[in-house]
Amino acid sequence: MRHGEAENRASSGRDFDRALTDAGIAQMKRVAKGIAWLAPEVAEILTSPLPRARKTAELAAAELKGGQLQVRVADGLASGCFDIGELDELTTGMTEGRRIMLVGHEPDFSE
């Protein structure tokens, strides 16, 4: 899942620090409710360390498994880092069929 709508520029000027907008938070709350209905079997959420993705993951986790789902930060999901090799690395050793949610960035996910 791509993070919600984020501010165009953080007060620090760093892309890393960009946060979700109020509209992005509202958007992700709606999306999280839909995911909880469509995919209640999600067992784990892995997220980019960037604040906008982490907040998106936290909003999704709050809706899944009665709010008991843990979010794990994965540096390989940071903007500009994620590719198919990183996906293989993140999922190595996971039980086959385990449902995970990845929260990150575009264009990484599309590519």
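The values are calculated or read from the model by the stated rules, or taken from the named source; none is laboratory data. Worth saying up front: this structure is predicted, and the values here are computed from it rather than measured. Here the Cβ positions follow ideal geometry from the backbone for every residue, glycine too, while neighbour counts run over all protein chains shown. Side chains are part of the model used for accessible areas, which takes the heavy atoms of the whole protein and leaves out ligands, DNA and RNA. Shrake-Rupley method; radii C 1.70, N 1.55, O 1.52, S 1.80 Å.
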3J(HN,Hα) from dihedral phi, segment 36-41, Karplus parametrisation 6.51/-1.76/1.60, rounded to Hz, x for glycine, proline | 4, 6, 7, 9, x, 7
Averaged per residue, what accessible area in Å² does the chain show with a 1.4 Å probe, protein chains only?
-> 58
In segment 31-111, which chymotrypsin sites (Phe, Trp or Tyr not before Pro) are in a loop and have at most 15 other Cβ atoms within 10 Å, using DSSP for the loop call?
-> F109
In terms of modelled amide H atoms, which long-range or inter-chain residues lie less than 5 Å from the amide H of E44?
-> M101
Placing +1 on each Lys and Arg Cβ and -1 on each Asp and Glu Cβ in segment 20-69, then taking the dipole about the Cα centre, the residue among A53, G24, I35 whose Cα reaches farthest towards the positive end is G24
Backbone HN-Hα couplings from phi across segment 43-56 [Karplus 6.51/-1.76/1.60, Hz, Gly and Pro as x] = 9, 7, 10, 10, 10, 4, x, 5, x, 5, 6, 4, 5, 4
Tally up the carbon and sulfur contribution to the accessible surface of the chain as a whole percent, 1.4 Å probe, everything protein left in place.
-> 48
Nearest-20 debye value, the chain charge dipole, Cβ charges on Lys, Arg, Asp, Glu | 560
Of L46, L87, L64, which is the most mobile in a GNM of the chain whose springs link Cα atoms less than 10 angstrom apart?
-> L87
If you plug each phi of segment 70-87 into the Karplus form 6.51 cos²θ - 1.76 cosθ + 1.60 with θ = phi - 60°, what whole-Hz ³J(HN,Hα) values come out, in order, with x for Gly and Pro?
-> 8, 10, 10, 7, 10, 4, x, 8, 4, 3, x, 9, 7, 8, 5, x, 5, 4
Of G97, G24, G13, the most mobile residue in a GNM of the chain (C-alpha springs, cutoff 10 Å) is G97
